[in-house]
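The values are calculated or read from the model by the stated rules, or taken from the named source; none is laboratory data. Everything numeric here is computed off the predicted structure, so don't read it as measured data. Counting neighbours? That spans all protein chains shown, and the Cβs are built from the backbone with ideal geometry, glycine included. For the accessible areas, the whole protein counts, side chains as well, though only heavy atoms, and no ligand, DNA or RNA atoms are used. Shrake-Rupley method; radii C 1.70, N 1.55, O 1.52, S 1.80 Å.
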Amino acid sequence: MEGKTISLSFLFLSLFAIYVSSTSLQYQTLLLHSLPLTQLQSLDFDAQLLSGDGSDLDPDNTLSLQLHHVDLVSPSSFNATPHALFKLRLQRDAYRAKAISDLAAANATVGRRAGKPHAGGRDFSSSVFSGLSQGSGEYFTRIGVGTPPKYVYMVLDTGSDVVWIQCSPCKKCYTQSDPVFDPSKSSSFLGVACGSPLCRRLDSASCSRKKCLYQVSYGDGSFTIGDFSTETLTFRGTRLNNVALGCGHDNEGLFVGAAGLLGLGRGRLSFPTQAGRRFGRKFSYCLVDRSASSRPSYLIFGESAVSRTAVFTPLVNNPKLDTFYYVELTGISVGGARVPAISPSLFKLDAAGDGGVIVDSGTSVTRLTRPAYVALRDAFRMGAKDLKRAPDFSLFDTCFDLSGKTEVKVPTVVMHFRGADVSLPASNYLIPVDSDGTFCFAFAGTMSGLSIIGNIQQQGFRVVFDLAASRLGFAPRGCA
């Protein structure tokens, strides 16, 4: 079978070579910015962002705020170099991608969520920050929890549903940048009763002393356990009452820095589902290049989340798993030419819930099914044959030595979704991995049937989740 796959790869690559030899490949310029020699360390936060009272509402009743790029620091990574942190980020990313693939495969087999929760109006926006300085491929948002609000960093995750936060008293809590939330000091905190409708939304709720308990387990072995509750969340001047969240007293694993997680998935306990009536079931985010840009990232809920310049593709429903945002990827072009070996069948979501393509905010590197990745990689190598090759780096097998250069020409890459062609900036697929001028092609292959569009490829786009219309959009240059 392996020999047959290699033969087919060579056949399609030959067809691609014949095609491109008779036409001119399309290129774009990549301005080169290597990783910095030293890591910026900062725990500062603009106090103005914490004290908004809603006075910045525009005439259309839209709450907006300027967002700032802030790096969080954990004790284990305080003195680490950007190169080491990037390696750590890729290691964590591999855990996450495998966990997502295992979850999808398990649900295709048994038809229920696995590795997710067990046992347990008007527009508004929120700050989004980079976790790069902790070796994390995730983005953080700043949210007020409780009454009065205590502001904490929380991870944005479109691949999870349950909202949760570390709570005292801790049986075991990991180190976070802010004080651990104390529910006894919040007048709006309310435990969920065992057997209540809200408790029954958990996959298999359990109880202790008539209180509803939750547990969220992740494929890398990390987990959070505690009391299921409702609490007020504040996005600057906008308060949302009675948001269901987990108050975790035992939180262990590979969590880094943030106080908890804001689940942005499609499931019935996710934040978009809970607050859907308030913001019309629409939200969007824009994630900046964390290593090269001082521009802000942002998260918006409500009508203004939908960009007029976005191109949209329909969301695909997976009846076996309601958490992820599935889309239909029909092909990929390199240098203006469709790669022949990348057909829609490689990304098909079958009736059993296996395969498909999801868009995920928490995975860094886009993973494509192995045949699709090999075809894409080989097409890019052919188009970039004049660039000096460098040794492989971590999961990247196509790297280049661009030291001494300030810019290079690279083949264009376009991802073709159903109804939407998304042309990637060069910086979204050829990225620096060290301070010495080494750049790598930022895609990877997976033996899983599930492909994942990661946040490196999403950088600079406003990614629109219009759940009311069951569609997902990409607006280029959306962070301006």
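Just a few scattered comments:
- Of the whole protein surface, Ile100 contributes about 10 Å² of accessible area at a 1.4 Å probe radius.
- Amide hydrogen neighbours beyond the local backbone of Arg236, cut-off 5 Å, H modeled: Gly144
- Largest-first principal axis extents, alpha carbons of region 321-480, Å: 49, 36, 28
- Restriction of the trypsin sites (Lys or Arg not before Pro) in region 246-347 to DSSP coil positions whose beta-carbon has at most 14 other beta-carbons within 10 angstrom yields Arg268, Arg308.
- Between Arg268 and Ser423, the contour length at 0.36 nm per residue exceeds the Cα-Cα span by 52.5 nm.
- For region 189-200, the Karplus equation 6.51 cos²θ - 1.76 cosθ + 1.60, evaluated at θ = phi - 60°, returns couplings of 6, 9, x, 8, 6, 4, x, 6, x, 5, 4, 6 Hz by residue, with Gly and Pro reported as x.
- Of the trypsin sites (Lys or Arg not before Pro) in region 165-211, those whose Cβ has at most 15 other Cβ within 10 Å and which sit in DSSP loop: Lys171, Arg209, Lys210
- Only lysines eight or more places from Lys210 in sequence, or on another chain, were considered; none has a Cα closer than 17 Å.
- Formal net charge of residues neighbouring Asp250 (Cβ-Cβ distance under 13 Å; K, R +1; D, E -1): 0
- If you plug the beta carbon distance of Tyr27 and Ala193 into 1/(1 + (r/R0)^6) with R0 = 51 Å, you get a FRET efficiency near 0.25.
- Efficiency of FRET between Asp401 and Lys348 - r from beta-carbon atoms, R0 41 angstrom, step 0.05: 0.60
- Volume per residue that the Cα convex hull of region 426-468 spans, once the total is divided by residue count, Å³: 94 Å³
- Local net charge near Ala475, Cβ-Cβ under 9 Å (Lys/Arg +1, Asp/Glu -1): +3
- Contour excess over end-to-end distance, with Cα ends at Arg239 and Asn317 and 0.36 nm allotted per residue: 25.0 nm
- Each Cα pair under 8 Å and six or more residues apart adds its separation to the average, and for region 278-350 the resulting relative contact order is 21 percent.
- Straight-line cross-link reach from Lys405 at under 30 Å between alpha-carbon atoms covers these lysines, not counting any fewer than eight positions away in the same chain: Lys87, Lys385, Lys388.
- Whole-percent carbon and sulfur share, accessible surface of region 354-410, 1.4 Å: 47 percent
- Net +/- balance of residues flanking Ala310 in space, Cβ distance below 15 Å, scoring K and R +1, D and E -1: +3
- Trypsin sites (Lys or Arg not before Pro) restricted to DSSP loop in region 394-480 with at most 11 other C-beta within 10 Å: Arg477
- Principal semi-axes in Å for region 232-346 [√(5λ), Cα gyration tensor, largest first]: 31, 19, 19
- For peptides 358-367, 392-401, sequence by mean Cβ density within 10 Å, most packed first: 358-367, 392-401
- Taking every protein chain into account, the accessible area of region 271-354 amounts to 40 square angstrom per residue (probe 1.4 Å).
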